[in-house]
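Just below is one structure, and these are the notes that go with it.
The values are calculated or read from the model by the stated rules, or taken from the named source; none is laboratory data. Bear in mind that the values here come from a model prediction, so they are computed numbers and not experimental data. Note: ideal-geometry Cβ built from the backbone for every residue, glycine included; neighbour counts use all protein chains shown. Heads up: the accessible areas ignore ligands, DNA and RNA and are worked out on the full protein's heavy atoms, side chains in. Shrake-Rupley method; radii C 1.70, N 1.55, O 1.52, S 1.80 Å.
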Amino acid sequence: MMAGSMQYKIPFIKPVFPAPEVMAEDYKKIIASNWFTNFGPYERELSIKATEFLGKDLHGTTVANCTLGLEIALRTLANPDKKYVIIPSFTFAAVAEVVINSGLVPVFIDIEKDSWQPSITQAKEFIDKESTDVAGIILPNVFGVGNKAIDKWEDLAQSKQIPLIIDSAAGFGSKYSDGEFLGGRGDCEVFSFHATKPFAIGEGGLIVSKSKELIDKLRKMQNFGFNDDRTVGMIGTNAKLQELSCAIGLRQLESYADRLELRRSIINKYQDLLSTEDVQFQENVLLSTGAFISVTVPNKEKIFHALHDAGVQARAYYSPTLHKIPVITEKSITSFSLQNTEEVENSILSLPVIEEMNADYIELIVDVIKKGIKEQ
């Protein structure tokens, strides 16, 4: 279980990891090879196989975590002479922190009412106003769910020659509306392999792109900017993923497709039992990895506490939203109404999707929610 979840009958997240005896064999090989990090054989194999899982004609590199992946992608792609990066307020804090730590200024936009995905209308409006000073767009696939408007976002970015970095943190294995796996859109997509994600290795991530040139450059940047001859060719950092983590990733790949089907069956069960006009699910969620399932409900606070009283660990992502966090807002810009963001924030509940959930667990959660709705 994750930290803080021990007191719950149904924890919010419960990672699935390979058995210790399975990993023991990989550990022995790593010890015998005397190669623990620095692009060893397990890392090279995971970079290739994880990328191949997402489709053909893609290139990828592992990274130590998704945050570093976003950082090196932004540093590589953003125009250094410009200062604004468009992001939604409705996303994880790391997105804004990456922008700020890169010396750039986040510009918050709203989300769409039904999809909870970033508002392309507001993005266009800001670009039209500040086109000469927009360094990039970081577009989250919110909750790992593929954005149905991805074609429009790519057209916008290409027409304005603005880099489009897609934050697909929880989306390794999710699909866009056309059935294509996340991974090949924008300039690159960045995934998280954190313990809270369905594809969990502890800490780690993956950057995927159709551009081999970009991935080759990112592999140099994540290794202190070293060229092949060990001279420093660019200002880099250390974002490499160690061998043991990559070994876990390779084992995870062996059963991942089946596990995704199980997680989607749990989401489907939630939808079947909670099909009421008072409960809104995110568009396209059945094609996602199901890291968890988020819904908007009336009487949110009462339902939230009732779930906890029933032994269910629920959360409320993303609350508070980024434009309400003082240390972030003082370094950011909010030029638009964020009405949809605030409405979703005030009514959202994130519910467990753990692979050992049975029908009784789901029915318990659903019953608590339905009761709370009736009592509003």
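So the check is Cβ under 6 Å with 6+ separation or different chains; which pairs have a first residue in region 224-240 that's within 20 Å of Ser102 (Cβ to Cβ) and a second one that's among the basic types (Lys, Arg) and open to solvent by less than 90 Å² (accessible area, probe 1.4 Å)?
That search, which allows pairs on different chains as well, returns nothing.
Show the residue pairs meeting these rules: Cβ distance below 8 Å; 6+ apart or different chains; first residue within region 12-28 and in a helix (DSSP H, G or I); second residue of a type outside the set (Phe, Trp, Tyr) and open to solvent by 70 Å² or more (accessible area, probe 1.4 Å).
none
When you scan region 46-54, do you find a residue that is open to solvent by less than 20 Å² (accessible area, probe 1.4 Å), small (Gly, Ala, Ser) and not in a helix (DSSP H, G or I), even just one?
Narrowing region 46-54 to residues open to solvent by less than 20 Å² (accessible area, probe 1.4 Å): 46-47, 50-51, 54.
Now narrow it down to the ones that are small (Gly, Ala, Ser): 47, 50.
If we keep only those that are not in a helix (DSSP H, G or I) as well, we get none.
Checked against the condition, which is being open to solvent by less than 20 Å² (accessible area, probe 1.4 Å), small (Gly, Ala, Ser) and not in a helix (DSSP H, G or I), region 46-54 yields no hits at all.
Within region 57-80, identify whether any single residue is out of contact with any helix residue (DSSP H, G or I) (no Cβ under 6 Å at 6 or more places or on another chain), open to solvent by 50 Å² or more (accessible area, probe 1.4 Å) and modelled with pLDDT under 95, and answer yes or no.
yes
State whether one or more residues within region 298-317 are among the acidic types (Asp, Glu), under 15 Å from Phe281 (Cα atoms) and either free of Cβ contacts under 8 Å to residues at least 40 places away in the same chain or open to solvent by 30 Å² or more (accessible area, probe 1.4 Å) (or both).
The initial filter retains those residues of region 298-317 that are among the acidic types (Asp, Glu), namely 301, 309.
Keeping just the survivors that are under 15 Å from Phe281 (Cα atoms) gives none.
No: region 298-317 contains no residue that is among the acidic types (Asp, Glu), under 15 Å from Phe281 (Cα atoms) and either free of Cβ contacts under 8 Å to residues at least 40 places away in the same chain or open to solvent by 30 Å² or more (accessible area, probe 1.4 Å) (or both).
Give the residue, chosen from Leu260, Leu322, that is open to solvent by less than 40 Å² (accessible area, probe 1.4 Å) and closer than 30 Å to Phe53 by Cα. Walk me through how you get there before you give the answer.
Numbers: Leu322 fails: closer than 30 Å to Phe53 by Cα.
After applying the criteria, what remains is Leu260.
Please go through region 342-353 and give me each residue that is assigned to a loop (DSSP other than H, G, I, E, B) and in contact with a strand residue (DSSP E or B) (Cβ under 7 Å, 6 or more places away or on another chain), ordered by number. Walk me through it before giving the result.
Going through region 342-353, the residues assigned to a loop (DSSP other than H, G, I, E, B) turn out to be 346-347, 352-353.
Ser347, Pro352, Val353 - these are the residues of region 342-353 that are assigned to a loop (DSSP other than H, G, I, E, B) and in contact with a strand residue (DSSP E or B) (Cβ under 7 Å, 6 or more places away or on another chain).
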